[in-house]
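A quick write-up on the structure given underneath.
The values are calculated or read from the model by the stated rules, or taken from the named source; none is laboratory data. Note that the structure is a prediction, hence the values are computed from the model and not measured. Positions of Cβ are generated from backbone atoms using ideal geometry, with glycine treated the same way; all protein chains shown enter the neighbour counts. Quick note on the areas: whole protein, heavy atoms, side chains included, nothing else; ligands and nucleic acids left out. Shrake-Rupley method; radii C 1.70, N 1.55, O 1.52, S 1.80 Å.
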Number of protein chains: 2
Amino acid sequence: MPPFGFLHMRVWASLFGQLLRSPRAVCIREVHFHSQGTRDLSPQQMVVREKILDMVVGCFKRHGAKRLDTPAFELKEMLTEKYGEDSGLIYDLKDQGGELLSLRYDLTVPFARYLAMNKVKKMKRYHVGKVWRRESPTIVQGRYREFCQCDFDIAGQFDPMIPDAECLKIMCEILSGLQLGDFIIKVNDRRVLDGMFAVCGVPESKFHAICSLIDKLDKISWKDVRHEMVAKKGLAPEVADRIGDYVQCHGGVSLIEQMFQDPRLSQNKQALDGLGDLKLLFEYLTLFGIAEKISFDLSLARGLDYYTGVIYEAVLLQTPAQAQESFNVGSVAAGGRYDKLVGMFDPKGHKVPCVGLSIGVERIFSIVEQRMKTFGQKIRTTETQVFVATPQKNFLHERLKLIAELWDAGIKAELLYKNNPKLLTQLHYCEDMGIPLVVIIGEQEMKEGIIKLRSVASREEVAIKRENLVAEIQKRLSES
Amino acid sequence: MPPFGFLHMRVWASLFGQLLRSPRAVCIREVHFHSQGTRDLSPQQMVVREKILDMVVGCFKRHGAKRLDTPAFELKEMLTEKYGEDSGLIYDLKDQGGELLSLRYDLTVPFARYLAMNKVKKMKRYHVGKVWRRESPTIVQGRYREFCQCDFDIAGQFDPMIPDAECLKIMCEILSGLQLGDFIIKVNDRRVLDGMFAVCGVPESKFHAICSLIDKLDKISWKDVRHEMVAKKGLAPEVADRIGDYVQCHGGVSLIEQMFQDPRLSQNKQALDGLGDLKLLFEYLTLFGIAEKISFDLSLARGLDYYTGVIYEAVLLQTPAQAQESFNVGSVAAGGRYDKLVGMFDPKGHKVPCVGLSIGVERIFSIVEQRMKTFGQKIRTTETQVFVATPQKNFLHERLKLIAELWDAGIKAELLYKNNPKLLTQLHYCEDMGIPLVVIIGEQEMKEGIIKLRSVASREEVAIKRENLVAEIQKRLSES
């Protein structure tokens, strides 16, 4: 298998060559932005998008995933109590009779609903699809109210941490493959977080709220988070400070060992379970050769309610210059373990343990588009291989017969929709569109039973017997 | 280019071999059908779907189209007065503050809105995406409230009938390529219809309503349509009878000539314009070699408001046995010319003439799925090439190191997520999933620095030096 699916290596190289540079500003002024917070995707954007999606899907297939699709809308009740504070961002459909419906908010909840509904106990699936969120659109960061998600999940009861490690391997393969610059994946465990809250003295009823506040640490400072904990959530200042000591910790396996010895944390069963799994996870990550990309980070919380175990989030690393500009590209991939979500959809509450990841492709599209603009790269938006031209008037019939022959042979071909186009106009069209070959037919050629084949790049023309045309074109295309 | 995109020819052949037979019942009992009229698509369905979509998109690209994407929802006002009587089927979003929004009903109106909004005067684009309609779902015919459309359109002012002929050529290429059995494309022109109504004595205010009735002729008999015309729409019986004489006519170029001579129709300027274009169209269709697939059919009306010129609809032909069972597979592709739609979105009313087509992929999916069920065909839902197995306990670490090496080399590989799986379980998994190769590692192999490579089909095993494994696998895969 070529590493980038069906893409021609040269195309890919020309598209991604500049990605070897580190990311700069992600802000894109979108001409196609709509007042409702969505946007059209132009042919140029679609080309970039499809190449990125092909790579992502290629990786998912490399890991043996099946593809699934679910509808854009779900029964409203399916989505309630799954997203915590973010539930207000769900788009509802108007009540036009029948069930109350909502647009899906992510691809994870529909997957869990699918597993429960069909009593599937084991499945490795990927899903590429749009999701919708009523956020105030911050276009600067490439966030829209409609956006694409690429999810990979492993459902089933397996030996601990093997699927979890594979999810992290997949994230590494995709981020390395896309050459977005250096990155790190932060890892934590919900049980370690809950244990940490418990030993710091947070009342259990406030775990969710405090967890959501910790999740803001990538956007606002610890000082501000601490203030909210004390002033808004009513935490005692010393409790907040104990949390503060923990959330500053990040490191590798040695930090896990350190936390095992931590006088408070080591007293908490949940925390020890989480730490034990993290230790095993790092063992597998080392075997996969990616341990140095992973950082155990006690400040990682992840906003969503449904996580129950390991959680992770990949961020692109900034160059010193970017850090100075306090430039933040944010998370580009994330996920975790959610062992209880499927049970919420099952009438008898049967659980199916799951772990998965979501690639933040919109963020990645923005980065790639921005770079291509910066470097003024021209993208071919069609794949046309041959243009059918004539220098003479009244040759439409011949052009139509000829192009039908090319199409029927599977050759990608175009002509101008004019009875009598000028030759120069036709050749300019080829140069503009990057079409490599032109077949030229005229009176003289007709008489001699030949046709001219012209290379647009070299401007060289050769005469070919009419009946050999298709074979000759196919030969040239297979060589290029 | 291989004719079926990136698909391996054998996969395609095994999937579509049986399509050479003519279509039978299209009814599919969907286990995944939801009360809201939508459904999940299982991995098996997704495989069939993707293969069909790849063929369709391959054809669109062969004709030089660019890909475009638009959001799932549009401003509600954009969709009003575009769909005639079908407007009641539009899904509205709940008013949660901000603009009033509706889910798109088709891909044509968003395309026209895109052209007007971006002042694009010329574009050949395709669009594959979901649309939503609040119809009472008739699952028997493969109709759901959410379904996929594949559209190809040519926008711009060109010499007459060249793009129109290309649209019909594309429909023929796709339907032939999918081997769905024999088909015919009915062609008519809205101006011929309007002229026909005028000369028959229909008041102009009733053109739309009568046109919608004519559109029902593929579902109900002329007798019933005539009854509705007279009883519900207040048409004089003799007017209805005159229409009845026309709508029974269908044929080739000779019918166009006959209509040119028709004493009533030949008095109507609009009808003559339409007939003139149809004559030119057939000239081009003959050059494309597809004229025998096309039937000028005066009963073809097409429901949508926005068509202004040529209209067409492809239907699969029934075998005599099917006709006896009064079995109707209905239209599988359709389209037409809409020269005024873009102008409706432009503040100054600037028009961009357009012509296009939509492939009824859902209908096609249903037919293909049904056939595969009938023939009990097993479909591979993953592309895994190699399975990593061991006959011994405590070999997880070795398996993980080995599989990471395969993934990093771009090889599609899987293992069982168990510390100590049984060898038989592992080999059964390969047979179930159709994985062709197994690498087997154990204590003895480790000592000797080798690895066993097993062909699942032949059960032959060979020993390979550990360091040659990736190269050997790649060699085998390239040969198969």
Requested in this report: Would you list the P(r) distribution for the range A:54-190, with all Cα-Cα distances sorted into 5 Å bins from 0 and each bin expressed as a whole %?
Outcome: 2, 8, 15, 17, 21, 18, 12, 5, 2, 1, 0
Requested in this report: Go through B:E292, B:E238 and list them by solvent-accessible area, largest first, probe radius 1.4 Å.
Outcome: B:E292, B:E238
**Report entry** Long-range amide H partners of B:I450 with built H, under 5 Å
**Finding:** B:R466
Query raised in the report: Using the heavy atoms of the protein chains alone and a 1.4 angstrom probe, what is the accessible area of the protein assembly as shown per residue in square angstrom?
Result: 41 Å²
Query raised in the report: Which longest run of chain A has no exposed loop site in it, a site being chymotrypsin sites (Phe, Trp or Tyr not before Pro) in a DSSP loop with at most 16 other beta carbons within 10 Å, and the site itself not part of the run?
Result: A:7-326
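Could you give the dipole magnitude of the protein assembly as shown about its Cα centre, charging the beta-carbon of Lys and Arg +1 and that of Asp and Glu -1, in debye to the nearest 20?
Details: 132 positive and 124 negative charges, 93 e Å.
My answer is approximately 440 debye.
Can you give me the orientation-averaged projected area of the convex hull built on the Cα atoms of the protein assembly as shown, in nm²?
43.4 nm²
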Query raised in the report: Which residue, chosen from B:G251, A:G376, B:I185, occupies the Cα position most advanced towards the positive end of the dipole of the protein assembly as shown, where the dipole is computed from +1 (Lys, Arg) and -1 (Asp, Glu) charges on Cβ about the Cα centre?
Result: A:G376
Query raised in the report: So how compact is the range A:333-480: Cα radius of gyration and Dmax in angstrom?
Result: 25.4, 81
Query raised in the report: Which ³J(HN,Hα) values in Hz, rounded to whole numbers, follow from the phi angles of the range B:196-212 under the Karplus curve 6.51 cos²θ - 1.76 cosθ + 1.60, where θ = phi - 60° and Gly and Pro get x?
Result: 4, 4, 4, 6, 7, x, 7, x, 4, 5, 9, 3, 4, 4, 5, 4, 4
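Which GluC sites (Glu not before Pro) in the range A:396-480 sit in a loop by DSSP (not H, G, I, E or B) and have at most 10 other Cβ atoms within 10 Å of their own Cβ?
Numbers: sites: A:E398, A:E405, A:E414, A:E431, A:E443, A:E445, A:E448, A:E460, A:E461, A:E467, A:E472, A:E479; in loops: A:E460.
Listed in order of number, the matching sites are A:E460.
Give the residue list of GluC sites (Glu not before Pro) in the range B:132-223 that are DSSP loop and have at most 15 other beta-carbon atoms within 10 angstrom.
For GluC sites (Glu not before Pro) across the range B:132-223 that sit outside H, G, I, E and B with at most 15 neighbouring Cβ atoms in 10 Å, the list reads B:E135.
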Report summary line: For the range B:382-399, Karplus-derived ³J(HN,Hα) couplings (6.51, -1.76, 1.60; θ = phi - 60°; whole Hz; x for glycine and proline) come out as 10, 10, 3, 9, 9, 10, 9, 10, 9, x, 10, 7, 6, 10, 4, 4, 5, 5
Query raised in the report: Looking at the P(r) of the range B:174-292, how many percent of alpha-carbon pairs lie beyond 25 Å?
Result: 31 percent
Query raised in the report: In nanometres, what is the gap between the two model label sites at A:L423 and A:E77, each 7 Å from Cα along Cα-to-Cβ?
Result: 7.4 nm
Query raised in the report: In the range A:274-310, which residues give up 20 Å² or more of accessible area once the other protein chains are added, compared with their chain alone (1.4 Å probe)?
Result: A:E283, A:Y284, A:L287, A:F288
Report summary line: Once accessible area is computed for A alone, B alone and the pair with a 1.4 Å probe, the total buried surface, to the nearest 100 Å², works out to 7800 Å²
Report task. Would you tell me the accessible area of A:H350, worked out with a 1.4 angstrom probe on the heavy atoms of the protein chains, in Å² to the nearest 10? Result -> 90 Å²
Query raised in the report: Put the label 7 Å from Cα along Cα→Cβ for B:L100; what are its distances to the other copies, in nanometres, shortest first?
Result: 2.2
Report summary line: For B:K82, the lysines lying under 16 Å Cα to Cα, once residues fewer than eight places off in the same chain are dropped, come out as B:K340, B:K351
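Might you report the magnitude of the Cβ-based charge dipole of chain A about its Cα centre, with Lys and Arg at +1 and Asp and Glu at -1, to the nearest 20 debye?
Values: 66 positive and 62 negative charges, 171 e Å.
Magnitude of the dipole: close to 820 debye.
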**Report entry** Distance between the range A:68-86 and the range A:229-268 - C-alpha centres, whole angstrom
**Finding:** 33 Å
Requested in this report: Report the label-to-label distance for A:K269 and B:K393 in nanometres (one decimal), using points 7 Å from each Cα along the Cα→Cβ vector.
Outcome: 2.9 nm
Query raised in the report: Could you sort B:R302, A:R113 by accessible area so the largest value comes first, with the probe set to 1.4 Å?
Result: B:R302, A:R113
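Please report the equivalent ellipsoid semi-axes of the range A:401-468, computed as sqrt(5 x eigenvalue) of the Cα gyration tensor, largest first, in whole Å. Mind showing how you got there, number by number?
Details: eigenvalues 64, 42, 37 Å².
For the range A:401-468, the ellipsoid semi-axes come out as 18, 14, 14 Å.
I'd like the trypsin sites (Lys or Arg not before Pro) in the range A:150-229 restricted to DSSP loop residues with at most 11 other Cβ atoms within 10 Å, sorted by number.
Numbers: sites: A:K169, A:K186, A:R190, A:R191, A:K206, A:K216, A:K219, A:K223, A:R226; in loops: A:K219.
Filter output for the range A:150-229: A:K219.
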Query raised in the report: Just going by the charge dipole of the protein assembly as shown, with Lys and Arg at +1 and Asp and Glu at -1 on Cβ, which of B:S358, B:A301, B:G64 is farthest out on the positive end?
Result: B:G64
Requested in this report: Kindly write out, for the range B:167-172 in residue order, the coupling ³J(HN,Hα) from the Karplus curve 6.51 cos²θ - 1.76 cosθ + 1.60 (θ = phi - 60°), rounded to whole Hz, with x marking Gly and Pro.
Outcome: 4, 5, 4, 4, 4, 5
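About the Cα centre of the range A:251-367, what is the dipole size in debye to 20, counting +1 per Lys and Arg Cβ and -1 per Asp and Glu Cβ, all else neutral? Don't skip to the end; give the middle numbers.
Values: 10 positive and 13 negative charges, 65 e Å.
The dipole magnitude comes to about 320 debye.
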Query - Furthest towards positive pole of dipole, B:V120, B:V202, A:L396, structure part the protein assembly as shown, Cβ charges - result: A:L396
Query raised in the report: So, in Å, what gap is there between the alpha-carbon centers of the range A:136-210 and the range A:101-126?
Result: 18 Å
Report summary line: Projected area averaged over all directions for the convex hull of the alpha carbon atoms of chain A, nm², comes out at 28.5 nm²
Query raised in the report: Share of chain A's accessible area from carbon and sulfur, percent, 1.4 Å?
Result: 52 percent
